[in-house]
Amino acid sequence: MIGGGLAGLAAALAVERRGLSCRVLEASDGVGGRARTDVTPDGFLLDRGFAIALSSYPEQRAVLASAPLLRPPSGPAADAARRDDAAASAPGFPPLWAMLSGGGVGGSIAELRLRPFFSGAYVRTQAATGADGAPAGASSWSCVADPLRHPAEAVASLSPSHPVGSVLDKVRIGVLRLAAASRDWDALRSAGDQDGAAEAALLAGPTSSLLAAASRPGSAGSGGADPTPLGPFDASMVDRFLRPFLGGIFFDRSLGTASRLTLFVFRALQGGLNCLPAAGIGALAAAVEGRLREGTVTTGWRASGLAAGRGEDDGAVWTVSEAGGRAAVRARAVVVATEGPTAARLLRAAAGVAPDGEVGGPADGGGGADADVLALAARAARPGVGGVTVYFAADALTVAESKLPLYAEPVLWLNGSGHLAADDASAAGDGGLDDPTWGAAGWSGAVINHACCPSAVAPTYAPAGSALLSLSLAAVPTGLDDAALSTLCLAQADRWWPEARPSARWRLLSIVRTPYAQPPQRAGDGGVEAPARVAGLAADAPPLLVAGDHASAATHDGALRSGRRAGEAAAEALLK
């Protein structure tokens, strides 16, 4: 397996479960890919970009239930587990957390020690006139809550004066949730398909954009061209909730993402909770790696080439070369489980095509690489979407400070103010956001798209007496260094939470810039699911498979499912 992210690890586990041996070759110093967690010297857990773990993801549960844990967590993960045990035994520990930790909702994923968010969000809204920095009273926070889990808060949001969406909009959201959980999905399941076929069938079909789907009536469960039951939503629901919420999930506040993905996400939200693992988002990758045989994973090994040939027994093998000049690795099958652009380069190399070569052109050496391979490579090579997460620490909190909603409530704070980032910069007398990258991204609302206090969700994210703040941007600015970006974030945080005095009390920990946070999933790009087995190679070529979130839904569960499918297909081909 080339790549030690969630897809590569799931593929390796599927292969080992069938009695075969394999190697995972990971370029970095650890597994997880973008789903990793770093630990600061003073004990803060920093995920490599804001991410959540949904407790209801079916593939996540299936993978962890498919094999026993061979090696328990060590190092920072073990320390987080000890701190989590201490938090769980403290007075006032929320019963829901205990249920998630000890069985109940947890089941096979109990080892992840998932800690749930509030099922809803606080949305920042403002008057029709004035910028986000307008006088007090022009802006406020409004609660949007799941009526099944938080009925009291949800009832308040049904008031006609509530600034986020109309009463009818709230009803439509309920219909969307019911449709996502309905058995109409079974109609999408093809005969003989394996687990996950409903999701695969849904994601493979044609679709419109989220914005288009939210602007017209839906056709829930129709099985037609676009069964997403969205809209028509009021503009206040689109701009104040859907843009920051779904735009934050898909890194696209323009809502150009394929609308079918909304059902995929809402189906998971219907049956579970948004959570953070006590040891950070990297706990999932660590749990899968802990089920692999000792020595399966090799880190610091960057694949530079992939070529088919013959082994010592004259059987077909792939030769994987390494960028640092170390001895190449030979394998009877290869799963390419890297980010899209790297996968595209390796797929083209496997087809004997130079990076810029065309089918049948001089660059392919006359080998006549099949268009299927290059089409898959072209799909993987599409530019991804990016984001930025800015982490701050609030140290030595007083008792009064620790009780502030920002630090005490496990909630997501959404920017529903609906104005352009450049407008906010101009109002502050700072033109730093007038970079074309910001405008081209099509997102609005000052600097921060959404924020949370991870340590309010899982106390293990921060040392005792401190809080961790996570501020997320739905685009990657190119014209701002860390100091300028930190200053802009603090200025907005001062307006949002003046009682917390961010500029005076917060300390910058890290700015995580992720240019390729997700593969593109925009309407018109075709189906989300890609075939696991690469077709179009020479008849005598060994099996080559592809996995990753660019070959499935861009979620942790999609990456795991893609990896499992690829691993199973590889094992099946070798065991024939």
Next item on the list: Return the residue satisfying two criteria in turn: it lies in region 545-576 and is outside any helix (DSSP H, G or I) and of a type in the set (G, A, S), and of such residues it is surrounded by the most Cβ atoms within 10 Å (Cβ to Cβ).
Entry: A547
Next item on the list: Determine whether region 156-177 contains at least one residue that is more than 30 Å from D549 (Cβ to Cβ), surrounded by fewer than 15 Cβ atoms within 10 Å (Cβ to Cβ), assigned by TED's automatic domain parsing to the domain that holds A493 and at pLDDT below 80.
Entry: no
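Given E339, E312, which one is more than 27 Å from L54 (Cα to Cα) and either in contact with a strand residue (DSSP E or B) (Cβ under 6 Å, 6 or more places away or on another chain) or surrounded by fewer than 20 Cβ atoms within 10 Å (Cβ to Cβ) (or both)?
E312
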Next item on the list: Name the one entry in A131, A35, A65, A27 that is aliphatic (A, V, I, L, M) and at pLDDT below 85.
Entry: A131
Next item on the list: Please state which of the following conditions G290 fails to meet, knowing it meets all the rest: (1) surrounded by fewer than 24 Cβ atoms within 10 Å (Cβ to Cβ); (2) of a type outside the set (K, R); (3) at pLDDT below 85.
Entry: (3)
Notebook entry, point to check: If we keep just the residues of region 523-543 that are surrounded by fewer than 18 Cβ atoms within 10 Å (Cβ to Cβ) and of a type in the set (D, E, K, R), which is modelled with the lowest pLDDT?
Noted result: D525
Check: When you go through (1) within 19 Å of I2 (Cα to Cα); (2) in a helix (DSSP H, G or I) one by one for S304, which number turns out not to apply?
Finding: (2)
Notebook entry, point to check: So is G43 at pLDDT 90 or above, surrounded by fewer than 20 Cβ atoms within 10 Å (Cβ to Cβ) and among the small types (G, A, S) or not?
Noted result: yes
Next item on the list: Kindly indicate whether L69 is hydrophobic (A, V, I, L, M, F, W, C), touching a helix residue (DSSP H, G or I) at 6+ places or on another chain (Cβ under 9 Å) and surrounded by fewer than 18 Cβ atoms within 10 Å (Cβ to Cβ).
Entry: yes
Next item on the list: Give just the number: which of (1) farther than 30 Å from F241 by Cα; (2) outside any loop (DSSP other than H, G, I, E, B); (3) at pLDDT below 75 does G104 not satisfy?
Entry: (2)
Next item on the list: Say whether the condition of being in contact with an Asp or Glu (Cβ under 9 Å, 6 or more places away or on another chain), assigned to a strand (DSSP E or B) and not aliphatic (A, V, I, L, M) is met by at least one residue in region 42-55.
Entry: yes
Note to self: Go through region 383-415 and report how many residues are closer than 21 Å to G248 by Cβ and part of a strand (DSSP E or B).
What the structure shows: 12
Checklist line | Selection count, region 141-165, where residues are touching a helix residue (DSSP H, G or I) at 6+ places or on another chain (Cβ under 7 Å) and free of Cβ contacts under 8 Å to residues at least 60 places away in the same chain | finding: 7
Margin query: I'm trying to understand the selection: among the residues of region 265-301, which are of a type in the set (S, T, N, Q) and part of a helix (DSSP H, G or I)?
Written below: Q270
Checklist line | Where D85 falls short, out of the listed (1) surrounded by fewer than 18 Cβ atoms within 10 Å (Cβ to Cβ); (2) in contact (Cβ under 8 Å) with a residue 24 or more places away in the chain | finding: (2)
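The values are calculated or read from the model by the stated rules, or taken from the named source; none is laboratory data. All of these numbers come straight from a predicted model, not from anything done at the bench. Here Cβ is always computed from backbone atoms with ideal geometry, including for glycine, and neighbour counts include all displayed protein chains.
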